[in-house]
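Read-outs throughout are calculated quantities, based only on the coordinates presented, and are distinct from any laboratory measurement. It should be emphasised that the depicted structure is a prediction, and the values quoted were computed from it without experimental measurement. Note that each Cβ is placed from the backbone with ideal geometry, even for glycine, and that neighbours are counted across all protein chains shown.
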Amino acid sequence: MDAQGRWENSLRIDFSSLPIKPSETEVHAILARIVGPADVKRAHLNAVDWSVYIQMKTQEQARECVEQHRGKHGTTVNGVYHTYKIEVLDGSSEVKILDLPYYVSDETLEREMSQYGKVLSITEQVYGEKSPLAGVLNGVRIVRMVRERPIVSYLQIGGELTRVSYQGQTKTCRYI
């Protein structure tokens with residue numbers, strides 16, 4: 001059984017790629033910024049893989065926490081900013097759909113993506129708070145899904161050629 005199958009209602013903050021690992025006190029401070037103790041059932045600091053496994057009371061709380069905090073926390077080491085990897089441990093992954101026109105419906109997108117696994121949700125990204133367009137939809141859709149097979153880098157969705165990207169993807173040529 002993989003790690004995602006064992007960590008119920010959980011998320012992980014991964015520090016393994018940092019050049020300098022945070023101390024336990026620093027990890028506690030990071031946790032205080034990300035989760036409230038009232039929602040946390042367990043916080044497991046794992047020194048073997050330099051991660052913190054956080055078990056929330058519900059899977060929805062874990063997902064909301066990740067959606068709210070992913071990409072927003074990190075540390076600067078030797079002048080280089082490193083973002084903490086924060087992920088839900090439900091076996092799902094985020095698949096980015098880029099360059100798909102807004103008029104292609106989420107229903108069409110879900111139908112096409114369901115060929116590759118179980119679609120859990122579809123959301124659209126917004127420009128970040130530092131952008132002059134903060135809060136405006138940016139056209140990138142995020143399909144959270146449990147992938148059952150690899151997805152090529154370019155797909156026809158609703159008659160439109162679009163790019164597809166996810167962590168661990170083997171990149172493919174658009175002309176294949």
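Quick notes on this structure:
- Residue 72 satisfies every condition listed in (1) under 20 Å from residue 144 (Cα atoms); (2) touching a residue at least 12 places away in the same chain (Cβ under 8 Å) except (2).
- Residue check, residue 144 within 19 Å of the chain's Cα centre (by Cα) and surrounded by 14 or more Cβ atoms within 10 Å (Cβ to Cβ): yes
- Residue match in segment 69-79 (condition: in contact with a strand residue (DSSP E or B) (Cβ under 6 Å, 6 or more places away or on another chain) and among the aliphatic types (A, V, I, L, M)): no
- Tally, over segment 118-158, of residues that are touching a Ser or Thr at 6+ places or on another chain (Cβ under 9 Å), of a type outside the set (A, V, I, L, M, F, W, C) and farther than 17 Å from residue 70 by Cα: 8
- Residues (touching a helix residue (DSSP H, G or I) at 6+ places or on another chain (Cβ under 9 Å), surrounded by 15 or more Cβ atoms within 10 Å (Cβ to Cβ) and outside any loop (DSSP other than H, G, I, E, B)) located in segment 148-161: 155, 157
- Per the conditions (1) touching a Gly at 6+ places or on another chain (Cβ under 7 Å); (2) buried (at least 16 other Cβ atoms within 10 Å of the Cβ); (3) free of Cβ contacts under 8 Å to residues at least 60 places away in the same chain, the sole criterion not satisfied by residue 84 is (3).
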